[in-house]
Amino acid sequence: MLKVGLTGGIGAGKSEVSRLLVACGAVLIDADRIAREVVAPGTPGLASVVEAFGKEILAADGSLDRPRLGAIVFADAERLATLNSIVHPLVGARSRELEEAAAEDAVVIHDVPLLTENGLAPLYDVVIVVDAAPETQLDRLVRLRGMTEEDARARMAAQATREQRREIADIVIDNDVPLEQLEQRVKDVWAELVRRSQAPRPSPAE
């Protein structure tokens, strides 16, 4: 099994890259999706978030009002740290369960938005960073996701810098390109991942 950490700033196009890697044959473990599952209605995770932030972060149906919570934590580093301390251990435990269920020869892609911020690079055999210029990220967030420019900038500022992400990368995928070029780049990266997965691993030191 080759364990790959995939990350990138908000709006860089990481989700598109993960989709393309799955189309090539990768097993995807999506930390964002798991983060939603562990705070679904009725879960201990949601109860802990409500205890920390109050019932005002719940929607009328009892689910987590993610935009409301996001507006709170992305403007306050201390409250963001509180949320992360609740959610991240739950996500980590579920991610390990899914990884253990994958085939022994699988290329497992862990899609982890905060891989850089949380110092998780050593957990993976390969780290891929999806990179885009800040102006590209901002345009995508405002134009495609409907964020205000202020909200988009706040979310970008809450994450690691572009330079910090690139420093931990084994592979960088430039996503300031049209989709057809991105598709070819991802295919090239997939070929490299398959090559690495099949290469003999060094034996542990005696």
Out of (1) open to solvent by 80 Å² or more (accessible area, probe 1.4 Å); (2) within 29 Å of Ala199 (Cβ to Cβ); (3) not in a loop (DSSP other than H, G, I, E, B), what's the single condition that is false for Leu98? (1)
How many of the residues in the stretch 19-61 are assigned to a helix (DSSP H, G or I) and either over 30 Å from Ser197 (Cα atoms) or open to solvent by 30 Å² or more (accessible area, probe 1.4 Å) (or both)? 21
For the condition surrounded by 15 or more Cβ atoms within 10 Å (Cβ to Cβ) and in contact (Cβ under 8 Å) with a residue 40 or more places away in the chain, what is the one hit in Leu64, Leu90, Leu83? Leu90
Take Arg155 and tell me if it is within 18 Å of Glu117 (Cα to Cα) and open to solvent by 50 Å² or more (accessible area, probe 1.4 Å). no
Please indicate, with yes or no, whether at least one residue in the stretch 115-133 is open to solvent by 30 Å² or more (accessible area, probe 1.4 Å), among the hydroxyl-bearing types (Ser, Thr, Tyr), within 19 Å of Ser15 (Cα to Cα) and assigned to a loop (DSSP other than H, G, I, E, B). yes
Quick one: in the stretch 171-206, of everything that is open to solvent by less than 90 Å² (accessible area, probe 1.4 Å) and part of a loop (DSSP other than H, G, I, E, B), which residue is modelled with the highest pLDDT? Asn175
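The values are calculated or read from the model by the stated rules, or taken from the named source; none is laboratory data. As the structure is a prediction and not an experimental result, all values here were calculated from the model. Cβ coordinates were reconstructed from backbone atoms using ideal geometry, including for glycine residues, and neighbour counts include every protein chain displayed. Keep in mind that these areas ignore ligands, DNA and RNA; they rest on the heavy atoms of the full protein, side chains included. Shrake-Rupley method; radii C 1.70, N 1.55, O 1.52, S 1.80 Å.
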